[in-house]
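In what follows, a structure is listed as structure tokens, so that the remarks can point back to it.
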Amino acid sequence: STLERACILLGIDRLRAFSLGFYLSRAATGDASHDVSRRVWGESVFRACLSLSIARTLLPSHTTEAFIVGLMLDAGLPLMFKLQGHAFLQIDAEASPPSRKHHREFSTLPYTHVDLITVLARRWKLPPLLAKPLAWHHSPPGDCARTEPEHILHRIAYYVGALELDIRTKMPKDQIPMPALASRFIGCDDKQLVKLVASAGTEYKATMSVFSGVATSISEFDSLHDLVHHQLARILDETLT
């Protein structure tokens, strides 16, 4: 209901990430890609929550980075529709896992949504720790024994980005989604995977409930960034004081 309450419930780092997500999702408001943007935003919030849930076990020192990577995996999809039109929309509408859709993009279109997010990450000067997992998220990790943070984030992004989500709930269709992939790349068995997905689902529902009234209450999206920036600055100043 207030920014202060959101800070308490979500923390500053995740609130900043969500602000970015809202800004990206609303960039296409008013044109034909709006529906794609809204769907991708909902799915991206769950992917972010699941990335965070997995990182708590695999990479507890970089949970915020895992969350942001999960949130931005599909940030190129709305742009694909704006740039490629119905040729992309036909692929996006297929009832196929994300990896298969990406292969169709690669084989039939001039570039893919991974190419777009790679370019955006470069233009935004994102650090390699974020940019590399985003650029690699549909490329199978070659060495699962590597312990560098960017390689662990790559494994998390590859698994999370491969999940096919229910169009209504924005959560995995299966209770144990892609267990072989989870075992190989994030090292968890079926029982652990059920717990990770359930934890992510709980966090996803709580997070979306926090933001449920925001989209309809904001009329001037261009001023959202300034509003959030000034309020965050004030809260941080008060906290430091």
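The values are calculated or read from the model by the stated rules, or taken from the named source; none is laboratory data. None of these values were measured; they are calculated from a predicted model. Cβ placement follows ideal geometry from the backbone for every residue including glycine, while neighbour counts extend to all protein chains displayed. We work out accessible area using only protein heavy atoms, side chains counted, and drop any ligands, DNA or RNA first. Shrake-Rupley method; radii C 1.70, N 1.55, O 1.52, S 1.80 Å.
Filter region 92-145 down to the residues that are of a type in the set (Ser, Thr, Tyr) and open to solvent by 30 Å² or more (accessible area, probe 1.4 Å) and list them by number.
Ser99, Ser107, Thr108, Tyr111, Thr118, Ser139
Run down Ser51, Ser96, Ser61 and say which single residue is of a type in the set (Ser, Thr, Tyr) and modelled with pLDDT of 95 or more. Steps first, please.
On the way: Ser96 fails: modelled with pLDDT of 95 or more; Ser61 fails: modelled with pLDDT of 95 or more.
None of the other options fit; the residue is Ser51.
Taking the residues in region 159-170 that are open to solvent by 40 Å² or more (accessible area, probe 1.4 Å) and in contact with a helix residue (DSSP H, G or I) (Cβ under 9 Å, 6 or more places away or on another chain) as candidates, determine which candidate is modelled with the highest pLDDT.
Looking at the filtered set, the residue picked out is Glu164.
Of the numbered conditions (1) under 19 Å from the mean Cα position of the chain (by Cα); (2) among the β-branched types (Val, Ile, Thr); (3) over 16 Å from Leu130 (Cα atoms); (4) modelled with pLDDT under 90, Thr2 fails exactly one; give the number of that condition.
With respect to (1) under 19 Å from the mean Cα position of the chain (by Cα); (2) among the β-branched types (Val, Ile, Thr); (3) over 16 Å from Leu130 (Cα atoms); (4) modelled with pLDDT under 90, Thr2 is out only on (1).
Quick one: would you say Gln192 is surrounded by 15 or more Cβ atoms within 10 Å (Cβ to Cβ), of a type outside the set (Lys, Arg) and within 24 Å of Lys205 (Cα to Cα)?
yes
Kindly indicate which of Phe67, Phe88 is aromatic (Phe, Trp, Tyr), over 14 Å from Ala157 (Cβ atoms) and open to solvent by less than 20 Å² (accessible area, probe 1.4 Å).
Sole residue among the options that is aromatic (Phe, Trp, Tyr), over 14 Å from Ala157 (Cβ atoms) and open to solvent by less than 20 Å² (accessible area, probe 1.4 Å): Phe88.
For region 54-64, which positions are hydrophobic (A, V, I, L, M, F, W, C) and open to solvent by 30 Å² or more (accessible area, probe 1.4 Å)? Working first, answer last.
Our first condition is that a residue be hydrophobic (A, V, I, L, M, F, W, C); within region 54-64, this holds for 54-55, 58-59.
Selection gives Leu58 alone.
Within region 177-187, how many residues are open to solvent by 60 Å² or more (accessible area, probe 1.4 Å) and in contact with a helix residue (DSSP H, G or I) (Cβ under 7 Å, 6 or more places away or on another chain)?
Residues flagged as open to solvent by 60 Å² or more (accessible area, probe 1.4 Å) and in contact with a helix residue (DSSP H, G or I) (Cβ under 7 Å, 6 or more places away or on another chain) within region 177-187 amount to 1.
I need every pair where a residue in region 30-57 that is within 14 Å of Val160 (Cβ to Cβ) and among the basic types (Lys, Arg) has its Cβ under 6 Å from the Cβ of a residue that is part of a loop (DSSP other than H, G, I, E, B) and modelled with pLDDT of 85 or more, sequence separation at least 6 or different chains.
Once the first residue is within 14 Å of Val160 (Cβ to Cβ) and among the basic types (Lys, Arg) and sits in region 30-57, its partners that are part of a loop (DSSP other than H, G, I, E, B) and modelled with pLDDT of 85 or more give Arg47/Leu73.
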